Amino acid sequence: MDEPVEVSPAASSPGPKGERTRANIVDVALRLFRERGYEATTMRAIAGEAGVSLGNAYYYFASKEHLIQAFYDRTQVDHTRAAQPVLDREIDLTARITGVAGAWFDMMEPYRSFAGSFFKNAADPSSPLSPFSPESAPARGTAIELWSQVVEGSDAKIPRPLRAPLPELLWLYFMGTVLYWVYDQTEGAAGTRVLVGATAPMVVRAIGLARLPVLRSTLADLVQLVTDIKSIGTGGTGPA
């Protein structure tokens with residue numbers, strides 16, 4: 001474990017150079033995580049490989065967890081970019097869901113070897129790596145916005161009460177598949193891809209069935225549940 005260090009006041013100031021330094025530290029950290037494993041990689045080793053002092057490394061990132069948070073932020077932006085060809089090509093909602101999920105699995109394949117380590121930390125509600133943490137709010141917003149694009153660009157007829165909460169519900173569904181992906185040992189995450197291929201049509205059918213009058217009360221209850229949970233989260237006792 002790295003001993004506490006005093007953060008150097010000479011650390012790079014914000015600006016293009018500072019952003020390049022920050023990005024370089026993240027790149028080096030991810031390489032070392034792949035090569036040595038997450039637990040075995042120290043902040044001192046990351047700083048040395050990145051060519052910065054340990055104090056300056058801590059200036060940019062207070063801990064390894066915050067390094068992973070920066071990776072998470074970057075991943076959401078990269079996922080939006082990687083998913084764009086699918087969104088440009090497909091209008092069928094099932095195809096958009098499976099394609100956007102597949103783009104994420106493709107993009108994350110190089111990081112599967114240590115994914116379990118940081119997702120283990122993400123399961124801790126007090127960790128900044130939790131997808132529901134305040135630190136994750138920007139990345140979470142970017143991710144939900146992508147799922148909003150998935151819905152809006154499709155030809156699916158979405159019941160009006162479901163339109164607002166649906167992107168977040170799809171994001172939660174996707175997070176469930178990511179959890180499966182963490183433990184999936186099949187080559188190329190083949191098992192996870194089969195899971196998404198089988199469940200995405202079920203999700204789309206459920207959305208279509210929500211238009212039936214007999215299910216309107218159930219739909220209203222679901223929308224209210226999402227609203228209530230988000231309201232609780234705002235108070236600091238649940239997901240935001």
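As a length-normalised measure over Cα pairs under 8 Å and 6 or more apart, the relative contact order of region 54-132 settles at 30 percent. Seen through its C-alpha gyration tensor, with square-root eigenvalues sorted a ≥ b ≥ c, region 78-216 comes out prolate because a/c lies at 1.5 or above while a/b is bigger than b/c.
Ordered from highest to lowest accessible area with the whole protein assembly present and a 1.4 Å probe, E135, E90 read as E135, E90. 3J(HN,Hα) couplings calculated from phi for region 92-98 with the Karplus curve 6.51 cos²θ - 1.76 cosθ + 1.60 (θ = phi - 60°) are, in sequence order, 5, 5, 4, 5, 5, 5, 5 Hz; Gly and Pro show x.
The values are calculated or read from the model by the stated rules, or taken from the named source; none is laboratory data. Just so it is clear, the model here is predicted, and its values are computed rather than measured. Just the protein is used for accessible areas: all its heavy atoms, side chains included, with ligands, DNA and RNA removed. Shrake-Rupley method; radii C 1.70, N 1.55, O 1.52, S 1.80 Å.
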